[in-house]
1. Just grab the label-to-label distance for A:A177 and B:R292, each label 7 Å out from Cα along the Cβ direction, in nm (one decimal).
2. In whole Å, largest first, what are the principal axis extents of the Cα atoms in the stretch A:158-214?
3. If amide H atoms are built 1.01 Å from N in the plane of the peptide, which residues on other chains or at least 5 residues away come under 5 Å of the amide H of B:V278?
4. Students often get this wrong: which residues of the stretch B:291-319 have the backbone nitrogen under 12 Å from the point 7 angstrom along Cα-to-C-beta of B:R285?
5. Taking R0 as 45 Å, what FRET efficiency do you get between B:D306 and A:W82 from their Cβ-Cβ distance, rounded to the nearest 0.05?
6. Under the Kirkwood approximation applied to all pairs of distinct alpha-carbon atoms, what is the hydrodynamic radius of the stretch B:308-374 in Å?
7. Go ahead and collect, in residue order, the members of the stretch B:225-253 whose backbone nitrogen is under 18 Å from a label point 7 Å along the Cα-Cβ direction of B:V31.
8. To the nearest 0.05, what FRET efficiency results for A:A109 and A:A252 with a Förster distance of 60 Å applied to their C-beta separation?
Amino acid sequence: MNTRTLNAEAGIAGGDSAAGIPVDPAASTATVSRGRAIWASWKGLVYQLAGIILACLALLVWLLTADLSTIELTTLAPAALWGYTVEHLQLTLLAAAIVLVIAIPLGIALTRKPLRFLTAPVLAIANFGQAAPAVGVVVLLALWVGFSFWAATLSLVLYAVLPVLRNTMIGLDQVDARLVEAGRGMGMSATAVLFTVELPLAVPVMLSGVRTALVLLVGTAALATFINGGGLGILITTGVNLSLTTVLVTGALLVALLALLIDWVGRVVEHVARPKGL
Amino acid sequence: MSETSATTTPTGITGASILLDHVTKRFPGQVKPAVDGLTMEIPAGKIVMFVGPSGCGKTTTLKMINRLIEPTEGRIVVDGDDVTEMNGDTLRRGIGYVIQAGGLFPHMTVATNIGIVPKMLGWDKARIAARVDELLELVSLDPALYRDRYPKELSGGQQQRVGVARALAADPPVLLMDEPFGAVDPITRLRLQDELLNIQDELQKTIVCVTHDFDEAVKLGDWIAIFNEGAQLEQYDTPERILGDPASEFVENFIGSGAGLKQLTLTRVEEVGLAEAVVGNPGERAADVLARVAEAGHGHAVIVDDRRRPIQWLSRRKLGRLDVISDVPDPKLPVVGIRATLNDALDTMLVSSAGAALVTGRRDMFKGVIDVQTVMDAITRSQTAAVLESDQAPVGLNTGMFQVQASAASAASAASVDSVAEAADELAADTRAAQ
Ligand SMILES: Nc1ncnc2c1ncn2[C@@H]1O[C@H](COP(=O)(O)OP(=O)(O)O)[C@@H](O)[C@H]1O
Ligand SMILES: [Mg+2]
């Protein structure tokens, strides 16, 4: 992640002119190449959005032309679909908020001096945990604490905490130690260095962790239906239970599209919030 | 200390004296201290260079001055005030700090980077903006062009200049530099050194600078401290004395061979005669300039911009081919600063193959021309010149292993500087005898 090279944005490196006279070799060509560079950096995002919209339209056309039974028609009524989607989003965002409140401060604390020795082991655990499939985590936890609303929430939050925690720690860890030293050397307090140097420089990596978590949560929030949590998962369970393929497929597609949309929003935010000058 | 620095400070010096008083640093888990009972006086307004093999404790010593590293034992005194116990952040806001490659924050513009300390000190926006422009001028960067750039839009040398400007932002009396020019190419390094000397000419700060380059130490230093492992001071003296009278075998080895040629690094361009040159400006007719060149009997004309900074060096032949003189700077111009050493001047001439170099002074203004013959004459003269005795050498000694002198030195550090210098001399003699 985070390896998109945006250096083209302003790859200007004025050479040291021999006589100390400032020269700006890039000034003349910058305006031409800048437009192209901006397009290059937004291209992927535009394509992704176009893909999502196309898929939505295709789904719509398919539903309009399909031969639907009355049950299917009531389950897939526009108002109902919209309601499920909103519910699904609410669930996702609530879980995400909880995740952020836990993971970011924890990530910061684990990279501060007194706890620095924990950075490596925690990262190893986070990497391992993230490789475990979500449903597996839910089931394991459920077996342990029993099937309940809290078990589901707990496992979802735990699962989504990992990428945010991991990226917060990696993002802070990869900030050049000399910059921290330069900050302290100028008389900035440790807190000031954290907020004005370390966190801004960690933002790109942290945001991509948040995006990963959101996408995970959109997918896994579908499981909320098992505990009557609502959301688009109900379409899938209904589809399975009543053998209504259309409903099942619609539910699954909507979850996937929502995940893609959230991923897109996340990428846009990452792009815009990326500190200038990086 | 406070009395001496207050009463003997000549006008113009804005630097403060520093005293490391029996300072020891032991890192946890290490048997030998990284800095072992070091007592060292750093005079106000001077450049003191720390040199020594890698890992000998130069950086540790430097960082104890602004307490980025807390001393295990001993006191740090700046301008007569014991700062060992004061709030570290407050202390560091009053001391400039420059690290390799500038250490600029990549997500902040040049102006924001420079304005960090003034902002912390509560300056208003207008004052900070004015100060930023002033400092960019000081380090030879056009404010209009560079103030809003991000560090990655600057070359290595330019980043380093901004690093120096940032350290000077709140006009601190002391500047600490840790291998500041280690990450730039040799030519840029020479220019940056020249500029630092020009800046120091104007500001007269107390500068403590770590380097691994002995030539750099000789060029920049008023005083050079040569350290051995554990920050043992082998010699703390003027460049002339260190080259002419190395205190120990260690120092001799450290200076290395070619100490004779190193004398070249002792003479500065400003100390030898410069040749005059015919000067022209962009926009002039080349024929007019050529006429002046012919009249003066010279081979070249130097073209300077509106601030008298040299931008081109044109031969008669080139002038003959031109119509109007352009204002495009020649990037390969052989230029040395007036405070550069003859060594640098020779390097520049050899690289440019011009057999001569243009000399610039403060703010890169053109001063004259130096040629190979001038350098050769200077070598001949310096070989015959005697090594001067340095009077008023600042105190510097380690007390970790010499208990008797340690108590003597601690008593003396409060009293006369001279007696401690004697103690230091004796100590050096002892060490030599012991070897
Ligand atoms: N933060 C630290 N923790 C432990 N040991 C250190 C630390 N900093 C430096 N040292 C040790 O102190 C000694 C001196 O280091 P340093 O002052 O950086 O040397 P120099 O700058 O002269 O190369 C070295 O042996 C180094 O390993
Ligand atoms: Mg060092």
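None of the figures in this text is laboratory data; all of them are computed from the coordinates on show. Quick caveat, the model's predicted, so the values are computed rather than measured. Virtual Cβ from ideal backbone geometry, glycine too; neighbours counted across all protein chains shown.
1. 5.7 nm
2. 39, 16, 13
3. B:V302
4. Of the residues in the stretch B:291-319, B:291 have backbone N under 12 Å from the label point off B:R285.
5. Working: r = 69 Å, r/R0 = 1.52.
For R0 = 45 Å, the calculated efficiency reads 0.05.
6. Details: mean 1/r = 0.0793 Å⁻¹.
Evaluated over the stretch B:308-374, this radius sits at 12.6 Å.
7. Label zone hits: B:229-231.
8. Values: r = 39 Å, r/R0 = 0.65.
Here the calculated transfer efficiency is 0.95.
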